[in-house]
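The values are calculated or read from the model by the stated rules, or taken from the named source; none is laboratory data. Bear in mind that the values here come from a model prediction, so they are computed numbers and not experimental data. Every residue, glycine as well, gets a Cβ built from its backbone with ideal geometry; the counts of neighbours run over all protein chains shown. Note: accessible area is taken over every heavy atom of the protein model, side chains too, but ligands, DNA and RNA are not part of it. Shrake-Rupley method; radii C 1.70, N 1.55, O 1.52, S 1.80 Å.
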Amino acid sequence: MLVGDRLKHISLVAGLVFASLLVVQQASIFTGYAGRTGSWITDTGGGDGSHDLWVMDDQVEMSEDIKPLLESSTLRIRSIDGVAWAVPLFKQYLRARTPDGRLVTVRLIGIDDASLAGGPRGASREELAALRQDRAILVPRAHLDGALRIERDPATGAPRPLAVGDTISINDHELRVAGTFDAAPDFFWDPVIYTTVSRALAIAPPERRQTAFVLVRAKEGVDPKDLAARIHQVTGFRALTTDGFVDRTREYVLRQTGILINFGITIALGFVIGTLVAAQTLYSFVLENQRFFAALKAMGVPNRRIARMIAVQVLVVGLVGYGIGAGLAAASGYAFSGAGLAFEITFATLALGLVALVTSCLVAGLLGVRRVMRLEPASVFKS
Amino acid sequence: MSARVPAIRCVGVTKEYGRGDTAVHALRGVDLDVPPGTLAMLFGPSGCGKTTLISVLAGILDMTAGNVEIFGTAPFQLSDAARTEWRSRDVGFVFQQYNLLPSLTAVENAAVSLMIRGVDWNAATRRARPLLEELGLGDRADARPRELSGGQQQRVAIARALLHEPRLIVCDEPTSALDHATGEKVVELLRSIAVREGRAVLVVTHDDRIRRYADLALHMDDGRIVERAARASNGASADPTDAH
């Protein structure tokens, strides 16, 4: 019957498409943003083998929360049973002056001079080895023509991307771009610049504590989680696996920034709009078709069968609306991916959208069904 | 079913809406016997209780007091579920506004009464086609209601009311939306069905032009049957004004 009323059918499907588009798209953008919060953590680990644990001050909440340890901390950690190796990692927010004189805030990362452990995964072995050159830094390729772009070349006066061979200065220390690396899109926007720990210590303003993290590799056969517990027991430091650190960072960011509540509101709005549109359209559909429902009841169709009929029709339009909406959400994510949209569509997101839409439709259908249940079959003779 | 069992028997049927001083007495003790093979027509002014009476007889409206038996079955002694099932089996409905489902074709609409009985879609539509042909709609079987004239829609509705072979067919103003000639054809058809199959057809109407087709003409007023006229054994009309 619903399909017979083309205008109502189209308006109902359109409402549900809009609702599922909102739910799936916003949930996917949220997932994308949430995923990006751990980009630097997962990008770290190139060079001489990958680490199992991040060790940090017990008060550190996330990757950008720097509460440095004493230099001796690395030695303490190396002495713990089960540790194969441990290297310091320097991290500090500093201001870099580009060749055209602009100041850009950067995240300066210093990695172990000897092993280069803790370098970016997006750098090749050769690019990473370039850090051994004098005053060398590695900069992210995505920022060459972005935050680090030279707006006015001192020689030509024209704008151009920063390039290998250019120099930037941090705290009056001149540094040379020796290589570049690929970095995953990051929730935190300041460019990450890599150099060695000793060079970073020479550049950064002196502090008593300079080791942001200690990267630890467990000996073969040692469970990293057991080792983490041992490190905490011996030193009082927090030791996390990469996944654990990513989770902690994501949870902190979501909690502190209100992203969750903001996206949650939009997603809830989509759900409410979907429910209202579906309920309003379905209810008016039921009202307009009361005589047909009354006729069916008079002719001997039981209430539960009419409820099933309405439920099937509602679910069919719901699934059609969801399919189109989710498809449009995926297409929009794909279309805007080049513009830096944080969009990650997952099975969980699709499942969430489906559950939201089906719930919307069932709630809406329930209102219609209730109306039909109360309908007296004898009313068929009054119409 | 024995021929001595009346198609419709009701004794002292009353129906009140509301209670106390504000109660509306729609039926005030209606007694009625209709034998099988009868086309009975209910006449009377608006609000006299015609629609209430057919609603009670069809088992879709509870009565306040009295007894009703349809071909020996007392629908109001059945549970709600059993009465719903009884209606789907033993009662056919023809409505003033046809109430054909707009998204279904004529043959699918006719087949609805069988589908309600649990017959699958294909079998039901297969069985509906010959009936539509019998009713002169063979070439319109695949048309949707909006593509049919009023008379054609009413014939589809009659096919729907007949296909599951009910014993009681209840019609509410079946000719009111039709021109005179089409209305007469529809009533002729209903009468032939009642006589041929030993069923009972109960028609509520304001249309005096079709009175001459009635085997039993009942006039209602103020919730009572105030006048009865049966067709004479020689076939003379139940309509005393008819010259036949």
Notebook entry, point to check: Taking the DSSP beta bridges in the stretch A:70-236 as the whole, what percent of them are antiparallel, to the nearest 5?
Noted result: 70
Note to self: Please compute, for peptide B:96-104, the average count of beta-carbon atoms on other protein chains lying within 10 Å of each residue's beta-carbon.
What the structure shows: 5
Next item on the list: With label points built 7 Å along Cα→Cβ from the Cα atoms of residue B:209 and residue A:287, find their separation and express it in nm.
Entry: 3.7
Checklist line | Accessible surface ranking that places the most exposed of B:164, A:9 first, with a 1.4 angstrom probe | finding: A:9, B:164
Notebook entry, point to check: Averaged over peptide B:86-94, how many Cβ atoms belonging to another chain are found within 10 Å of each residue's Cβ?
Noted result: 3
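Counting DSSP beta bridges in the protein assembly as shown, what percent are antiparallel, to the nearest 5?
Working: 52 of 80 bridges.
The antiparallel proportion sits near 65 percent.
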Margin query: Test of understanding: what is the full-extension gain from residue A:124 to residue A:335, defined as 0.36 nm times their sequence separation minus their Cα-Cα distance?
Written below: 73.0 nm
Next item on the list: Could you name every residue in the stretch A:286-300 that has 40 Å² or more less accessible surface in the full protein assembly than in its own chain alone (probe 1.4 Å, ligands and nucleic acids excluded)?
Entry: A:291, A:292, A:298, A:299, A:300
Item checked: Listed peptides B:68-75, B:139-146 by packing density, highest first (mean Cβ within 10 Å) -> B:68-75, B:139-146
Check: Tilt of helix A:259-288 relative to the longest C-alpha principal axis of chain A, in degrees (0 to 90, nearest 10)?
Finding: 10
Margin query: Using alpha carbons only, how many angstrom separate the centre of the stretch B:106-176 from the centre of the stretch A:41-87?
Written below: 81
Check: Short version: ³J(HN,Hα) in whole Hz for each residue of the stretch A:137-151, in order, from phi by Karplus 6.51 cos²θ - 1.76 cosθ + 1.60 (θ = phi - 60°), x for Gly and Pro, what are they?
Finding: 9, 10, 10, x, 4, 5, 9, 4, 10, x, 4, 9, 4, 8, 6
Note to self: With the crude spin-label approximation of a point 7 Å out along Cα→Cβ, what separation in nm comes out for residue A:78 versus residue A:156?
What the structure shows: 4.7
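Percent of accessible area on chain A owned by carbon and sulfur, 1.4 Å probe?
Carbon and sulfur: 57 percent of the exposed surface of chain A.
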Next item on the list: Grab the DSSP H runs of the protein assembly as shown that are 4 residues or longer, score each as -39,500 (n - 2.57), total them, divide by all residues and round the 222 nm result to the nearest 500 deg cm²/dmol.
Entry: -13500 deg cm²/dmol
Next item on the list: Return a whole-number percent for the relative contact order of the stretch A:43-155, with Cα pairs under 8 Å and 6 or more residues apart as the contact set.
Entry: 31
Item checked: Cα-centre dipole for chain B with unit charges at Cβ (Lys and Arg positive, Asp and Glu negative), debye to 20 -> 420
Notebook entry, point to check: Can you tell me the accessible area per residue over the stretch B:74-142, all protein chains present, probe 1.4 angstrom, in square angstrom?
Noted result: 42
Check: Given a 1.4 Å probe and no ligands, DNA or RNA in the count, how much accessible surface is buried by B and A, both sides, to the nearest 100 Å²?
Finding: 1900
Next item on the list: Find how much the distance from residue B:79 to residue B:65 grows on full extension, using 0.36 nm per residue of separation minus their present alpha carbon separation; answer in nm with one decimal.
Entry: 3.4 nm
Next item on the list: For peptide B:213-225, compute the average count of partner chain beta-carbon atoms within 10 Å of each residue's beta-carbon.
Entry: 0
Check: Taking a spot 7 Å from the Cα of residue B:143 along the direction of its beta carbon, which residues of the stretch B:160-178 have an amide N less than 13 Å from it?
Finding: none
Notebook entry, point to check: What's the center-to-center distance, using Cα atoms, between the stretch B:1-71 and the stretch A:126-202 in Å?
Noted result: 95
Check: Taking the Cβ of residue A:147 as the center, what net charge do the other residues with Cβ under 15 Å away carry, scoring Lys and Arg +1 and Asp and Glu -1?
Finding: +1
